[in-house]
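One structure is given here, and the rest of the page talks about it.
Coordinate-derived values only; no laboratory data. Just so it is clear, the model here is predicted, and its values are computed rather than measured. For neighbour counting, all protein chains shown are included, and Cβ atoms are generated from backbone atoms with ideal geometry for every residue, glycine included.
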């Protein structure tokens, strides 16, 4: 899998999830919330598309 992401978006996401207090350098809670929010948005969009095709 090859994921393409522009540098600006990459840096914006990195700034949001970074954490100096974490040994791995990211805030796991923020990261999971961001992922879940994006998945919920995708799910909402998919449901709208499915309703249009019925």
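A few remarks follow.
- The number of residues in the range 1-44 that are surrounded by 11 or more Cβ atoms within 10 Å (Cβ to Cβ) and part of a loop (DSSP other than H, G, I, E, B) comes to 4.
- Of the numbered criteria (1) outside any helix (DSSP H, G or I); (2) surrounded by fewer than 10 Cβ atoms within 10 Å (Cβ to Cβ), the one residue 50 fails is (1).
- Figure legend. Inter-residue proximity from the range 4-25: first residues without any contact (Cβ under 8 Å) to a residue 12 or more places away in the chain, second residues in a loop (DSSP other than H, G, I, E, B) and surrounded by 10 or more Cβ atoms within 10 Å (Cβ to Cβ), beta-carbon distance below 6 Å, spacing 6+ or different chains. Indicated pairs: 19/27.
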